[in-house]
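Coordinate-derived values only; no laboratory data. In this text the structure is predicted, and so the values were computed from the model without any measurement. Neighbour counts run over all protein chains shown; Cβ positions are idealised from the backbone, glycine included.
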Amino acid sequence: MLKKLAKVLLIMLCFQIHMCYAIPGKLVEIKDNIGTVDYFGEKRKVLMDSEAQAGDYVYAQGGVVISKIAEQDALKILDFWKEKFFELKKVDNQLAKIEDLEASDNLLEILQKVNLRKELNNNELLNLLRLKDKNELKLLYETANNLRQKEHDNACCVHGIIEFSNNCRRNCFYCGIRKDNNIKRYRMSAEEIISLAKHAVDNLGFKALVLQSGEDLSYTDEELVKVVKTIRKLGVLIFISIGTRKKELYKKLYDAGARAVLLRFETSNKELFKKVRPETNFEERIELIKYAKKIGYLIATGFIMGIPEETEQDIINNIILTKALKADMYSFGPLIPAKNTPLENQKQIDINSVLKVISLCRFMDVRSKILVTSAVETLHEDAKKQGLLAGANSLMINLTPHCYKELYSIYSGRPDKDITVKKNIKETIKLLYSLGRAPTDIGHT
């Protein structure tokens with residue numbers, strides 16, 4: 001009976017939004033570049049993006065087939081996960097329960113609307129954002145976590161990020177690698193980036209990688225295309241995070257194999273945008289995000305919290321804009337003052353300010369992935385755990401070599417600055433298992 005139940009659970013887990021789990025399935029049919037993947041008798045449509053043929057076992061990420069896997073290897077992985085999933089699901093189900101806590105009638109009415117999947121109005125969202133009572137905050141987070149569990153089960157995407165250059169042509173007031181800052185600069189060569197990506201895929205088991213830099217125009221289109229083409233052959237989903245560049249470059253990188261873009265708009269308030277991002281254009285940024293979505297990219301976007309003169313309504317508008325841009329992943333975090341920047345003395349917001357926004361994002365866009373950014377981790381030693389229990393379901397692990405990582409100082413006090421990659425992976429997996437979450441984009445060993 002237990003084995004049968006474990007199999008049923010595994011089938012359910014295979015079909016979370018965007019085929020999030022890195023579980024192999026059997027490709028049974030291909031028609032007009034759309035594949036049909038069979039998972040224990042259940043079938044799912046995916047976009048073909050590999051040389052796999054009908055009959056092969058494949059990995060799918062983001063609804064895209066990214067690589068083949070030998071049948072014997074696939075069966076071993078499935079055998080490992082079926083018991084592990086069963087164990088993890090029990091833990092997640094327990095932690096996703098909502099306690100009977102005292103709260104105002106107003107809050108209970110709002111959360112009842114959430115449970116009924118009704119859209120919240122602006123005043124209700126502001127009321128949630130203004131919560132301060134400890135019990136009411138706990139109820140807010142538990143409701144968001146419960147909603148996350150119902151929609152996504154215990155999936156938690158874990159991507160690797162490679163910060164390949166800290167050179168930037170911009171002078172954003174909040175960023176430690178802004179052009180005018182007198183810091184030691186570095187640029188990884190194409191060969192270094194490719195070598196690091198190969199290590200992440202072959203030795204660490206990553207299935208999704210983020211290639212990030214400042215807006216460094218020294219890399220030619222040809223170099224970036226070469227990097228993406230080569231890494232794509234490793235069988236991995238590639239995110240591009242290189243800022244505002246020409247649309248033609250984004251199209252070239254898509255054609256080369258990149259399938260996701262991490263590009264935040266930072267704030268929906270055009271006046272604030274103009275103040276903290278001099279010589280940049282809000283409309284151009286938004287148009288680029290829309291263009292990337294149009295040509296097929298998965299979109300990770302969002303905002304910074306704690307910009308001077310930001311209002312509560314601005315924060316609500318930020319969430320609304322993220323949803324309007326049809327984000328596949330919400331990426332936002334606090335402004336962490338960076339040394340030698342115009343905002344280095346800006347007061348830092350507290351962890352609950354961010355946790356409330358994570359919960360609100362979950363209420364407003366239940367099907368999305370919500371990232372606990374590394375900036376959030378600077379606010380509290382348990383920030384990852386708290387974020388995941390407030391409705392988030394995605395993390396990133398920094399793969400940048402130590403000699404470069406300490407130079408990618410976009411803000412002060414980075415939590416991962418002195419931790420090794422292997423230790424970071426080990427601690428992340430330990431955390432996820434303790435919460436009943438399945439890490440979905442790193443290997444199972």
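Side notes on the structure shown:
- Most mobile listed residue (ASN106, ASN398, ASN424) in the chain, GNM with C-alpha springs under 10 Å: ASN106
- DSSP bridge pairs, the range 158-270: antiparallel proportion in percent, nearest 5: 10 percent
- In a DSSP loop and with at most 12 other Cβ atoms within 10 Å, the trypsin sites (Lys or Arg not before Pro) in the range 28-103 are LYS97.
- Taking the DSSP bridge list for the chain and keeping only pairs wholly inside it, about 40 percent are antiparallel.
- Over 21 Å (Cα to Cα) - which of LYS132/LYS430; LYS134/LYS356; LYS68/LYS252; LYS89/LYS384; LYS89/LYS150 fall in this group: LYS132/LYS430; LYS68/LYS252
- The loop-placed GluC sites (Glu not before Pro) in the range 63-112, going by DSSP, that have at most 16 neighbouring Cβ atoms within 10 Å of their Cβ come out as GLU99, GLU102.
- Karplus (6.51, -1.76, 1.60) ³J(HN,Hα), θ = phi - 60°, over the range 273-287, in Hz, Gly and Pro reported as x: 4, 5, 6, 9, 10, x, 6, 10, 10, 4, 4, 4, 5, 5, 5
- The range 102-148 shape via C-alpha gyration tensor axes, a/c threshold 1.5: oblate
- Theoretical ellipticity at 222 nm over the chain - DSSP helices of four or more residues, -39500 (n - 2.57) apiece, nearest 500: -13000 deg cm²/dmol
- The ellipsoid equivalent to the alpha-carbon distribution of the chain has semi-axes of 32, 30, 20 angstrom, derived from the gyration tensor eigenvalues as √(5λ) and listed largest first.
- By other beta-carbon atoms within 10 Å, ranking SER412, SER104 with the fewest at the front produces SER104, SER412.
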